[in-house]
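Undergrad: Handing you this structure, nothing more for now.
We did not get these values from a lab; they are worked out from the coordinates using the rules stated. From a predicted model like this one, the values you see are computed outputs, not experimental measurements. Cβ coordinates were reconstructed from backbone atoms using ideal geometry, including for glycine residues, and neighbour counts include every protein chain displayed.
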Amino acid sequence: MNSAILVRDLHKSFRTGEIDTPVLKGVNLDIAHGEMFFIVGPSGCGKTTLISLLCGTLRAETGQLEIMGHDLRTMRESRITQFRAENVGFVFQQFNLIPTLTVAENVAIPLRLQGKSARTARKAAIAMIERVGLADKVNERPSRLSGGQQQRVAIARALVHQPAIIVCDEPTSALDSETGRQVMELLTSQPGEAARTVIVVTHDPRIYHHADRIAEMEDGIIRRTLDQTEAAAAFNFTPHSTLTALCPSSFVASPSGWH
Ligand SMILES: Nc1ncnc2c1ncn2[C@@H]1O[C@H](COP(=O)(O)OP(=O)(O)O)[C@@H](O)[C@H]1O
Ligand SMILES: [Mg+2]
């Protein structure tokens, strides 16, 4: 199968002193290209550890881990850093913007890491900042922005180099419902855009309806994976795709009122 992400029997422990504590105990995942894939589960079950392995910021002990057909477990460290810079965008709960840089400079980072000139990077960064509705904040420092605006900057930074995979760790849990909804709209591929694979780790049920599939994680394993219909029944929501089919897109995804 041609998966964007393929994980088989993945194990990871953390060593504290003499003791090895297993955190991932045989994770299996198949995520298709273009999917909006959620991983949900209680605090401490291993969600952040799992996506750190998917991004190559942590190394697994045993198991199989392929991203876009590349075997991450055998990849050299220097190659992983390059692979991540080219193929992965990140969004975190606490935004993780660099306070001393302007909005445009923050968003330009992935392009600068790819070796683009400052001028080219700034131009592309500004175009992406406009797309997330913050054209008037280009030269501001992050501390002058609201939480929702900062998360939109973080999304612009995650998307600016058009990575195939976007990884989000609790992207809406520091935001109110409406801001969280806007953030999820920005992460969803729009018609005409290249499809991207989005992995969202969350325990925010307010956004579950955006998922194509939801994997439930518990104590270091994926207990079950629900398709949209199963998830809608289990968590009692109307899938986002049904909403967009019923309503004009300008109603559901309107960027008006974001400024
Ligand atoms: N670097 C680390 N060293 C030791 N233990 C860790 C480390 N990172 C995470 N853990 C432990 O692994 C478990 C899972 O953590 P985490 O993946 O952050 O869970 P979640 O994101 O689901 O809340 C927790 O018990 C946590 O304390
Ligand atoms: Mg976590």
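Undergrad: So how strong a dipole does the chain carry about its Cα centre when Lys and Arg Cβ are +1 and Asp and Glu Cβ are -1, to the nearest 20 debye?
TA: Dipole of the chain, to the nearest 20 debye: 940 debye.
Undergrad: Rounded if a/c is under 1.5, else prolate if a/b beats b/c, else oblate: with a ≥ b ≥ c from the C-alpha gyration tensor eigenvalues square-rooted, which is segment 5-252?
TA: Note, shape of segment 5-252 comes out oblate.
Undergrad: Lysines near K25 by alpha-carbon distance under 22 Å, same-chain residues fewer than 8 away left out - which ones?
TA: Answer for K25, where 22 Å is the Cα cut-off: K12, K47, listed by chain and number.
Undergrad: Additional query: Below 8 Å between Cα atoms, with a sequence gap of 6+, how large is the relative contact order for segment 12-129 in percent?
TA: Contact order relative to length: 14 percent.
Undergrad: Which is the longest run of the chain containing none of the GluC sites (Glu not before Pro) found in DSSP loop states (not H, G, I, E, B) with at most 13 other C-beta atoms within 10 Å?
TA: The answer is 62-192.
Undergrad: Follow-up question, since we're still on this one. In whole Hz and in residue order, list the ³J(HN,Hα) couplings for segment 196-203 that follow from phi through the Karplus curve 6.51 cos²θ - 1.76 cosθ + 1.60, θ = phi - 60°; x for Gly and Pro.
TA: Rounded to whole hertz, the list is 10, 8, 10, 10, 10, 8, 7, 10.
Undergrad: Output ³J(HN,Hα) for segment 54-69: one whole-Hz value per residue in order, computed from phi by the Karplus curve 6.51 cos²θ - 1.76 cosθ + 1.60 with θ = phi - 60°, and x for Gly and Pro.
TA: 4, 8, x, 7, 10, 10, 7, 7, 9, x, 10, 8, 10, 10, 6, x
Undergrad: For segment 232-240, in order, what is each residue's ³J(HN,Hα) by Karplus, 6.51 cos²θ - 1.76 cosθ + 1.60 with θ = phi - 60°, in whole Hz (x at glycine and Pro)?
TA: Karplus-based 3J(HN,Hα) across segment 232-240 equals 4, 6, 5, 10, 6, 9, 9, x, 4 Hz.
Undergrad: Give, in nm to one decimal, the length gained when the segment between I19 and T238 is fully stretched (0.36 nm per residue of separation minus the Cα-Cα distance).
TA: Contour length minus the Cα-Cα distance gives 74.3 nm.
Undergrad: Under a crude label model (7 Å from the Cα following the beta-carbon direction), how far is T120 from R79 in nanometres?
TA: Spacing of the two 7 Å Cα→Cβ label points: 2.5 nm.
Undergrad: Please say if segment 135-217 is rounded, prolate or oblate, where rounded means a/c under 1.5 for a ≥ b ≥ c the square roots of the C-alpha gyration tensor eigenvalues, and otherwise the choice is prolate for a/b larger than b/c and oblate otherwise?
TA: oblate
Undergrad: Grab the DSSP H runs of the chain that are 4 residues or longer, score each as -39,500 (n - 2.57), total them, divide by all residues and round the 222 nm result to the nearest 500 deg cm²/dmol.
TA: Helices in the chain give a 222 nm mean residue ellipticity of -10000 deg cm²/dmol.
Undergrad: Skipping prolines and chain starts, which residues have an amide H placed within reach, meaning under 5 Å, of the one on I39, given they are 5 or more residues away or on another chain?
TA: The list, which skips near neighbours in sequence, is V200, V201, T202, A215.
Undergrad: Apply the a/c threshold of 1.5 to the C-alpha gyration tensor of segment 50-184 and tell me whether it is rounded, prolate or oblate.
TA: oblate
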